[in-house]
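Here the structure comes first, spelled out in structure tokens, and everything after it is commentary.
What follows draws every value from the coordinates through simple rules; no lab data is involved. Keep in mind the model is a prediction, meaning the values are calculated, not measured. Here the Cβ positions follow ideal geometry from the backbone for every residue, glycine too, while neighbour counts run over all protein chains shown.
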Amino acid sequence: MTAVQRFMTIQRHILEGEKQHPEATGELSSLLSDLVLAAKVISLEVNKAGLVDILGFTGGSNVHGEAVKKLDVYARDMIYRAMDHGGHLCVMASEEDDGMVHIPPQFKKGKYVLIFDPLDGSSNIDVNISIGTIFSIYKRITPDDGSSGTMEDLLQPGYKLEVAGYVLYGSSTIFVYTTGDGVYGFTLDPAVGEFLLSHDGMRIPKDSKIYSINEGNYKYWAEGLKSYINYLKEEDKSTRRPYSSRYIGSMVADIHRNLIYGGIFMYPADKKNPNGKLRLMYECNPMAFIVEAAGGRASDGQRRILEIEPKSLHQKTPIFIGNEVDVKLVEKFMSEEHVKITL
Ligand code: P6P
């Protein structure tokens with residue numbers, strides 16, 4: 001008999017988590033609750049995106065009299081408006097903004113920092129493929145004296161994260177987050193308008209047989225990576241090979257599937273993209289924090305993603321993320337070690 005799922009909303013779960021920390025002021029709980037509101041509003045828009053052309057909302061304004069925007073700009077604005085006045089943040093940054101996103105002067109500045117990708121994979125929305133919001137929360141480094149946050153507060157390595165999570169807008173909308181101690185998933189029940197606990201402690205399976213990578217870039221890869229992918233395609237039942245290739249082209253969707261079924265997701269450096277394509281601060285760090293909290297591993301092929309010292313908001317990094325066994329093996333294939341083996 002499967003364990004009885006705790007019947008719990010995400011708000012209740014956040015408060016339970018706060019109670020486990022006597023020193024908690026409740027600020028983080030309020031911050032997360034504001035994010036949950038933004039997720040609900042974005043989910044509503046994403047799920048009717050397909051209707052925009054049919055219902056003639058293109059161009060002009062929608063039923064609320066608001067100008068219809070590109071969905072990723074809409075998502076960014078929704079998160080900004082939900083988060084800018086709570087008094088918990090001193091600064092924000094997003095994939096949609098070149099520089100720091102300041103808290104308006106009339107609002108209190110708090111001790112947290114929010115860095116987010118409002119709608120990752122938004123190019124997939126026109127073909128109804130799942131997309132996601134990714135968020136990460138740090139404590140400010142500069143004094144918590146009511147002043148605005150700085151670039152120093154933003155450019156923190158991933159191991160300093162307080163909270164990381166994502167919202168996956170797919171067959172249903174799921175909100176996944178971790179404070180580093182357990183990974184929890186909540187599925188939106190549109191009838192109730194609440195995110196209900198559906199994944200009570202996510203752990204990535206120890207073994208897998210799924211790999212996710214854009215094989216269209218094969219000719220641009222390092223030789224060690226080519227050898228690894230060719231190794232996965234060989235037949236050997238004892239190591240569950242050949243693996244299955246699964247690649248949605250939406251990072252949140254690919255990693256969420258691998259978290260549940262097991263698997264390794266890779267966006268490597270190649271001759272076209274010497275630092276890979278995905279961004280360290282608002283894609284790789286939060287996803288690495290989540291996968292590590294679920295018992296997995298995330299590296300750039302050599303270093304732990306969470307230990308990369310950021311130099312700029314939009315810097316890219318190669319990423320290999322998923323089961324520890326699989327990530328360690330691709331690191332080995334790509335290290336000199338493997339070259340020695342093949343010599
Ligand atoms: P490619 C979506 O555009 C995205 O940023 C990630 O969500 C996804 O994993 C990756 O790019 C896909 O990139 O080059 O394979 O199309």
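Numerical summary
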quantity: Least to most buried among Leu280, Leu31 (fewest other Cβ within 10 Å first); calculated: Leu31, Leu280
quantity: C-alpha center-to-center spacing [the stretch 132-157, the stretch 253-332] in angstrom; calculated: 22 Å
quantity: Sorted by Cβ neighbour density within 10 Å, fewest at the top, the residues Ser212, Ser244, Ser198, Ser136; calculated: Ser244, Ser198, Ser212, Ser136
quantity: Computed magnitude of the charge dipole of the stretch 210-339 (debye, nearest 20; Cβ of K, R +1, Cβ of D, E -1); calculated: 320 debye
quantity: Peptides 236-242, 287-293 ordered by average Cβ neighbours within 10 Å, highest first; calculated: 287-293, 236-242
quantity: Proximal lysines relative to Lys209, as straight alpha-carbon distance under 17 Å, when same-chain residues fewer than 8 apart are discounted; calculated: Lys233, Lys237, Lys328
quantity: Extended-chain gain in nm, criterion 0.36 nm per residue less alpha-carbon gap, Ser238 and Ser335; calculated: 32.5 nm
quantity: Dipole in debye (nearest 20) - the chain, about Cα centre, beta carbon charges: Lys, Arg +1; Asp, Glu -1; calculated: 740 debye
quantity: Using θ = phi - 60° and Karplus 6.51 cos²θ - 1.76 cosθ + 1.60, couplings along the stretch 100-111 (whole Hz; Gly, Pro as x); calculated: 5, 10, 7, 6, x, x, 7, 9, 5, 9, x, 9
quantity: In nm, spacing of pseudo-spin labels at Glu16 and Ala191 (7 Å Cα→C-beta vector); calculated: 2.3 nm
quantity: The stretch 62-215: mean projected area of Cα convex hull, nm²; calculated: 12.4 nm²
quantity: Cubic angstrom per residue, convex hull over Cα atoms of the stretch 223-328; calculated: 104 Å³
quantity: Charge-dipole axis of the stretch 146-217 as Lys and Arg at +1 and Asp and Glu at -1 on Cβ define it, positive-most pick from Ile213, Val192, Gly146; calculated: Ile213
quantity: Under Karplus coefficients 6.51, -1.76 and 1.60, residue-wise ³J(HN,Hα) of the stretch 313-320 in Hz, glycine/proline x; calculated: 4, 10, 5, 9, 8, x, 9, 10
quantity: Net dipole in debye of the stretch 153-227 [+1 Lys, Arg Cβ; -1 Asp, Glu Cβ; about Cα centre; nearest 20]; calculated: 420 debye
quantity: Calculated [θ] (222 nm, deg cm²/dmol) that DSSP helices of n ≥ 4 give over the chain, each run adding -39,500 (n - 2.57); calculated: -8500 deg cm²/dmol
quantity: Of Pro157, Met334, Thr9, farthest towards positive along the dipole that unit charges on Lys, Arg, Asp, Glu beta carbons give the chain; calculated: Met334
quantity: ³J(HN,Hα), Karplus 6.51/-1.76/1.60, whole Hz, each residue of the stretch 253-260, x for Gly, Pro; calculated: 5, 5, 6, 4, 4, 5, 4, 8
quantity: Reach of Lys160 by Cα under 22 Å, taken over lysines that are not fewer than 8 positions away in the same chain; calculated: Lys19, Lys109, Lys111, Lys139, Lys311, Lys316
quantity: Ordering of 317-324, 173-180 by packing [mean C-beta count within 10 Å, highest first]; calculated: 317-324, 173-180
quantity: Packing-based exposure ordering (other Cβ within 10 Å, fewest first) of Tyr267, Tyr218; calculated: Tyr218, Tyr267
quantity: Intensity falloff of the chain expressed as log10 I(q)/I(0), Debye formula with alpha-carbon point scatterers, at q = 0.11, 0.14 Å⁻¹; calculated: -0.74, -1.16
quantity: Zone of Lys139's modelled label, taken as backbone nitrogen in the stretch 153-193 under 19 Å from a point 7 Å along Cα→Cβ; calculated: 153-165, 178-182
